[in-house]
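Can you keep this structure in mind? I'll have questions shortly.
The values are calculated or read from the model by the stated rules, or taken from the named source; none is laboratory data. None of the values given here were measured: they were computed from a predicted structure. No Cβ is skipped: glycine too gets one built from the backbone with ideal geometry, and neighbour counts run over all protein chains shown.
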Amino acid sequence: MASGDLMENTISSCLEMLKVDDADARKRIMEIAASASPEVIAKYGQWITAIKAASDYWASNNRMFGQAELCDFLTVAAKGIDPKKADTKPVSDATFHIYMDIMQNYAQESDETKVHFPRIITDVISILDRGFDTKGEAVGLYGIERYYQKRKTEAIAEDPLAGYSATPVAKPAAEPREPLEFDSELIENMAGVTARSKKDLERSLLAMSAADIKKISDLSRNYKRLQKYRKTTNSAELKKMVEKDLGRKLSDNQMQHAANSVKKTQIYIENLIDGKFVPHGTHGINHVKHNLEYGFQIMGLIEPRKRKQI
């Protein structure tokens, strides 16, 4: 797949997750991103480049996000962080700090600051992933709070579109290529659980982290067992089936977790592919997501996360 097409797919995934339906806005954001040089895309990655193009477009049009919209933007933007880095305490703490600042202080910010807030978030996400903001300024993890507050005053004086080419870069002639596809069984099984179209699922999977795709794949591999459990309404019968499949007994507490995960399978999968599991607490854990995954792990439907060797 040509790099320009991959970039379009990335932008499309971002905008789908942010629920941007305006055709003119989507077209203009695509044009802005297309004007970024290959060097810039290589330096920051496609996801951050796409998020930056969107946030710069909105700021240039004086669009102010509501509090909930901004939290959604933060969640989508954070998908640009390498999963290995995202799991570390300094990175999860920094992300959660922004989330709490939005919840507690965003309503009191000036309109000018609100207009540029998605750009500020994008810069912080770039630092968390790459070690420098979207202008190339290097910032250490423990200097992010000071940087974040500084950007609130600096960003409002900037022209969001100043760093882009005056005209979009022309797309190269299309080359014969194979379409990017996911395992057909995975798409088919997830469609069976969510009742979403296969095309929508493919777009969502493009935007997911490798760790979350692994969990979805595990559930897909165990689809027949999962569906068998979901059809069972009797808790005693469910316990008997799970224990038979596992070849061992489960405690009442374990079965409570397992039964809850079975009951909420569709909610878990849809929230996962929509990026709705916002991290909470100092360790950046979403406890609803964590508990549901624990239930699936008990039943052997997804593999437990491997602990890092010290």
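Answer yes or no: is there a residue in segment 238-245 that is within 30 Å of VAL76 (Cβ to Cβ) and crowded, with 16+ Cβ neighbours inside 10 Å.
no
Separate question: Could you check segment 102-143 and list, in sequence order, the residues that are over 23 Å from LYS89 (Cα atoms) and among the charged types (D, E, K, R)?
Within segment 102-143, GLU109, ASP111, GLU112, LYS114, ARG119, LYS135 qualify.
May I ask you to list the residues in segment 104-140 that are of a type outside the set (Lys, Arg) and outside any helix (DSSP H, G or I)?
Hits for segment 104-140 are GLU109, SER110, GLY131, PHE132, ASP133, THR134, GLY136, GLU137, ALA138, VAL139, GLY140.
For the list (1) under 17 Å from PRO160 (Cα atoms); (2) hydroxyl-bearing (Ser, Thr, Tyr); (3) crowded, with 17+ Cβ neighbours inside 10 Å, I need the number of the one condition that SER37 fails.
The failed condition is (3).
I need the full set of residues from segment 7-22 which are more than 15 Å from the chain's Cα centre (by Cα) and of a type in the set (A, V, I, L, M), in order please.
Once the filter is applied, which keeps residues that are more than 15 Å from the chain's Cα centre (by Cα) and of a type in the set (A, V, I, L, M), segment 7-22 yields MET7, VAL20.
Which of the following residues is charged (D, E, K, R) and in contact with a His (Cβ under 9 Å, 6 or more places away or on another chain): LYS19, LYS89?
That would be LYS89, the only listed residue that is charged (D, E, K, R) and in contact with a His (Cβ under 9 Å, 6 or more places away or on another chain).
Continuing with the same structure: Would you mind stating whether ASP21 is crowded, with 23+ Cβ neighbours inside 10 Å and among the acidic types (Asp, Glu)?
Taking the combined requirement at face value, the residue does not satisfy it.
From the set of residues in segment 23-62 that are over 17 Å from the mean Cα position of the chain (by Cα), assigned to a helix (DSSP H, G or I) and of a type in the set (Ser, Thr, Tyr), which is nearest to MET7 (Cα to Cα)?
Within segment 23-62, the match that is nearest to MET7 (Cα to Cα) is TYR57.
Further question on the same structure: Among the residues of segment 201-223, which ones are farther than 14 Å from PHE296 by Cα, of a type outside the set (A, V, I, L, M) and either touching a Pro at 6+ places or on another chain (Cβ under 9 Å) or without any contact (Cβ under 8 Å) to a residue 24 or more places away in the chain (or both)?
Within segment 201-223, GLU202, SER209 meet the criteria.
Scan segment 70-93 residue by residue and report those that are in contact (Cβ under 8 Å) with a residue 24 or more places away in the chain, part of a helix (DSSP H, G or I) and among the charged types (D, E, K, R).
ASP72, LYS79, LYS85, LYS89, ASP93
With respect to THR95, determine if the residue is β-branched (Val, Ile, Thr) and over 22 Å from LEU161 (Cα atoms).
Against the criterion (β-branched (Val, Ile, Thr) and over 22 Å from LEU161 (Cα atoms)), THR95 qualifies.
Return yes when ASP101 is more than 22 Å from ARG203 (Cβ to Cβ), among the charged types (D, E, K, R) and either free of Cβ contacts under 8 Å to residues at least 12 places away in the same chain or in a helix (DSSP H, G or I) (or both) and no when it is not.
Answer is yes for this residue.
If a residue counts only when it is at pLDDT below 90 and under 30 Å from LEU15 (Cα atoms), which helices (runs of 4 or more DSSP H) contained entirely in segment 197-310 have at least 2 such residues?
198-207, 210-221, 265-273, 287-298
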